[in-house]
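*Asks:* There's a structure below that I have some questions on.
The values are calculated or read from the model by the stated rules, or taken from the named source; none is laboratory data. Computed from a predicted structure; not experimentally measured. Glycine gets a Cβ as well: all are built from the backbone with ideal geometry, and neighbour counts include every protein chain shown. What goes into the accessible areas is simple: the full protein's heavy atoms, side chains included, and nothing from ligands, DNA or RNA. Shrake-Rupley method; radii C 1.70, N 1.55, O 1.52, S 1.80 Å.
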Amino acid sequence: MKAKPRAYVMVSVDANTVVIGAREVKNRLAAEIGLRGLGDEVRVVETGSFGSVSAGVVAAVMPDGIVYGHLTVGSIARLVEEHFVKGRPVREWILPGEHPLPDPETADARQLQHFGRIVLDNCGRIDPDSIDESIANDGYFALGKALTEMTPAAVIDGVKASCLRGRGGAGFPTGLKWSFCAKEVADIKYVICNADEGEPGTFKDRLIMEGDPHKVIEGMALCGYAIGATQGYIYIRGEYRLSIERMRAAIDAARRHGLLGRKILGSGFDFDIDIKIGAGAYVCGEETALIESMEGKRGLPRVKPPFPAQKGFRGKPTNVNNVETLASVPFIIHHGAEAFRAIGAAGMPGTKVYTILGHIARPGLIEVPTSVTLRDVLEDYAGGMRPGAFKMAQLGGTAGEILAPEMLDVPLNADALAKTGHTLGSGAILFMNESVGVCDFLHACIKFFAHESCGNCNPCRNGMAVLLELTARLKAGKGYPGDVELMEELVMGMKSIAFCPLGQSPAAPVLSALRYFRSEVRAGIDPDAIRPNPEHTLRTLLQLAG
Amino acid sequence: MAKDTCGCGERCVSPLYEELDAFIAARPRGRDALIPVLHKAQALFGYLPAEVQSHVARALDLPVSDVYGVVTFYHYFTMTPRGRHTVNVCLGTACYVRGAKKVVEALCAALKIDMGGTTADRRFSLTSQRCFGACGLAPVIMINGDVHGRVTSKKIAGLLARYT
């Protein structure tokens, strides 16, 4: 029998690090360790994200708990020589403040967050390509429990009692959504995992799939059992190559272990999963557009009702959930709804995964209880503003609201935010310092929406074009008097009549920006500018047309 | 034009078409297959010219207009040939606030093309994407899959010179 290794080197291979050579570093490391004859003592493991996105290729040496950053192929020989042969950690390459597995005795509150993780608990700790490591960390325990001890109705009741709300942006109660689909009678039902993460600045779902793909599979299977579905699909963006690769490998491994397929774990429950690859359209994040796209069509949103729970994919009852939502379910079934409700805020319990970005010291991926505030995130996780001072933050991707300093102490959950007239959004927080102009930023947001508008409905198609013009004028300081009011009226109109959430989206950034930074937006107006008379313009056009 | 309704004439027998046909034959036919088939076709041909679209339409028994509709809807699919090297600029909000706009201006000036264009010598194509998910390195550009982070307009010439 082989001896147990004395050390494990966990190389974080995720979307951020793979493009800067994490695989090459990992392979070089394994080769160098083999060359030094340490192959039996030191094991190199590929794992998911540690949460840091600006420290280059990172690797943790366990059980020492030392994290190295900015590793290159060229630095490996010295690292192995010093750390593993001579037993002296290379100080200058150690990342300060990074603790992938803090010691519960000595860890401070920030480090302890890793113990409170529900979704990312295995991320950066296990080899995502090894189903055994997942199972050793309670993977598929909840599925086994549900299939042997619980009826489908009990699973739904458990999810309802947990008060889990959708993590994709809308915050709809998950248990309730499942119950709609469960009561439909059909020869086949579908579970779809929405991994078409398209909100700029949001890549949490990608890192979840790359760090712990089995958790997503387990969540989907639990949903399938609860609602009576036998086929699942994961709709993943085509750009997410590593996510696709790891999800594929995980699905194959689960099939081989009898955790997907026919008669799972000896029960009467059949369930299988396939991957569908998207082709890049923001609107496909909307669930009915996503279904259209899965059917091989242009991703145009459908008229609701009927809702997907009644007529979804191929006209059959379909339940669509976000990656993070599904990945939260195994914890609820395993530990019970009470345990879930004990975490975070009462109205929206549990944790929320965010990508934190912008002018901050430590951009990255975090999972926090839903009771933390923007200030907690900024000070405890982001390491403060760098460079500059806090001006505003956009919460929830491009369709998110802009928050001013006075909102720093509001807890980040749907209920607390709703009281102040805000929403939570999809799981990105962009911190901005005073170098960013509000009009300029709004213009960039609108440009994205205008580009992504599918053209199906008039309010969105034409509204975006007008908004683009308005914001361009304002940022150039050439706005016409009345432009601010026009913009306000327009986004409110779009919010009430646009066909799908995309066309309703500009209201969030625009109205919140006007709420906190109205005077700055107003400064973009040129008081002497004269708005062209539309009738006059039309007449000119008609004359030109002959 | 020959009797061949797809209009692609003898090019249909090229090995690329054979590979595409084998891919189509290996999966259940029907509407669902369209997007995976287009992914495969673009991987094989590099882009989706009209003749490839006609070929796919005929193979899947769909109207060409449907195939065209799908190709033009999704950003991933392109109907124009790309240059030998693709310069892809991330325009996600994180890159934007860190100066992606200046990077785009510098690239357009250096390559003398607009966003979405290809240089006359087919050396470079310039495209943009909403977010690479490498926001920690913002602003980011990707040249043929190599990611270059913290790009400034001063670094552009040096980066481009590496790709001939």
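*Asks:* Which of the following residues is farther than 17 Å from A:Gly219 by Cα and open to solvent by 10 Å² or more (accessible area, probe 1.4 Å): A:Arg248, A:Arg256?
*Replies:* Working: A:Arg248 fails: farther than 17 Å from A:Gly219 by Cα.
Going through A:Arg248, A:Arg256 in turn, just one is farther than 17 Å from A:Gly219 by Cα and open to solvent by 10 Å² or more (accessible area, probe 1.4 Å): A:Arg256.
*Asks:* Let me ask something else about it. Name every residue in segment A:333-375 that is outside any strand (DSSP E or B) and on the phi > 0 side of the Ramachandran plot, in order of residue number. Please lay out each step first, then the result.
*Replies:* Of all residues in segment A:333-375, those outside any strand (DSSP E or B) come to A:333-343, A:345-348, A:350, A:359, A:361-363, A:370-372, A:374-375.
Of everything in segment A:333-375, those that are outside any strand (DSSP E or B) and on the phi > 0 side of the Ramachandran plot turn out to be A:Gly336, A:Gly350.
*Asks:* Taking helices (runs of 4 or more DSSP H) that do not extend beyond segment A:73-185, which have at least 3 residues that are modelled with pLDDT under 90 and out of contact with any His (no Cβ under 8 Å at 6 or more places or on another chain)?
*Replies:* Details: elements: A:76-79, A:109-112, A:131-136, A:141-149, A:152-161, A:174-182.
Per the criteria, A:109-112.
*Asks:* Now a separate question. Can you confirm whether A:Lys495 is within 18 Å of A:Cys445 (Cα to Cα), of a type in the set (Lys, Arg), in contact with a helix residue (DSSP H, G or I) (Cβ under 8 Å, 6 or more places away or on another chain) and in contact (Cβ under 8 Å) with a residue 24 or more places away in the chain?
*Replies:* Working: within 18 Å of A:Cys445 (Cα to Cα): yes; of a type in the set (Lys, Arg): yes; in contact with a helix residue (DSSP H, G or I) (Cβ under 8 Å, 6 or more places away or on another chain): yes; in contact (Cβ under 8 Å) with a residue 24 or more places away in the chain: no.
Criteria not met by A:Lys495.
*Asks:* Quick check on my filter: what residues within segment B:52-75 are buried (at least 19 other Cβ atoms within 10 Å of the Cβ) and of a type in the set (Phe, Trp, Tyr)?
*Replies:* Hits for segment B:52-75 are B:Phe73, B:Tyr74.
*Asks:* Now, a different point. Quick one: how many residues across segment A:286-315 are farther than 22 Å from B:Val70 by Cα, open to solvent by 30 Å² or more (accessible area, probe 1.4 Å) and touching an Asp or Glu at 6+ places or on another chain (Cβ under 8 Å)?
*Replies:* 1
*Asks:* Those residues that are within 11 Å of chain A (Cβ to nearest Cβ), part of a loop (DSSP other than H, G, I, E, B) and not small (Gly, Ala, Ser), I need them from segment B:30-47; list them, please. So that I can check it myself, show each step before the final result.
*Replies:* Step one: list which residues in segment B:30-47 are within 11 Å of chain A (Cβ to nearest Cβ), which gives B:30-40, B:42-43.
Filter once more, keeping what is part of a loop (DSSP other than H, G, I, E, B): B:30.
Matches in segment B:30-47: none.
*Asks:* Among the residues of segment A:476-488, is there at least one that is under 31 Å from the mean Cα position of the chain (by Cα), hydroxyl-bearing (Ser, Thr, Tyr) and surrounded by fewer than 19 Cβ atoms within 10 Å (Cβ to Cβ)? Steps first, please.
*Replies:* Let us first name the residues in segment A:476-488 that are under 31 Å from the mean Cα position of the chain (by Cα), namely A:487-488.
From what is left, the residues that are hydroxyl-bearing (Ser, Thr, Tyr) are none.
The answer is no, given that none of the residues of segment A:476-488 is under 31 Å from the mean Cα position of the chain (by Cα), hydroxyl-bearing (Ser, Thr, Tyr) and surrounded by fewer than 19 Cβ atoms within 10 Å (Cβ to Cβ).
Listed here are the residues, each with its yes/no results for (1) farther than 28 Å from B:Gln42 by Cβ; (2) within 8 Å of another protein chain (Cβ to nearest Cβ); (3) touching a residue at least 60 places away in the same chain (Cβ under 8 Å).
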| site | (1), (2), (3) |
| --- | --- |
| A:Asp274 | no, no, no |
| A:Tyr282 | no, yes, yes |
| A:Gly285 | no, no, yes |
| A:Pro301 | no, no, yes |
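*Asks:* Filter segment B:73-98 down to the residues that are more than 25 Å from A:Leu395 (Cβ to Cβ) and of a type in the set (D, E, K, R), then identify the one that is nearest to the other protein chains (Cβ to nearest Cβ).
*Replies:* Step one: of segment B:73-98, the residues more than 25 Å from A:Leu395 (Cβ to Cβ) are B:73-89.
Remaining after also requiring of a type in the set (D, E, K, R): B:82, B:84.
Numbers: B:Arg82: 15, B:Arg84: 20 Å.
Looking at the filtered set, the residue picked out is B:Arg82.
*Asks:* Next question. Conditions first: (1) touching a Phe, Trp or Tyr at 6+ places or on another chain (Cβ under 9 Å); (2) open to solvent by less than 40 Å² (accessible area, probe 1.4 Å). A:His70 passes all but one, so which condition is the exception?
*Replies:* Status for A:His70: all satisfied but (2).
*Asks:* Take the residues in segment A:36-67 that are among the acidic types (Asp, Glu) and open to solvent by 30 Å² or more (accessible area, probe 1.4 Å), then tell me which one is nearest to the chain's Cα centre (by Cα). Spell out how you get there, then give the answer.
*Replies:* First pass over segment A:36-67, keeping only residues among the acidic types (Asp, Glu): A:40-41, A:46, A:64.
Keeping just the survivors that are open to solvent by 30 Å² or more (accessible area, probe 1.4 Å) gives A:40-41, A:64.
Details: A:Asp40: 38, A:Glu41: 37, A:Asp64: 31 Å.
Selected residue: A:Asp64.
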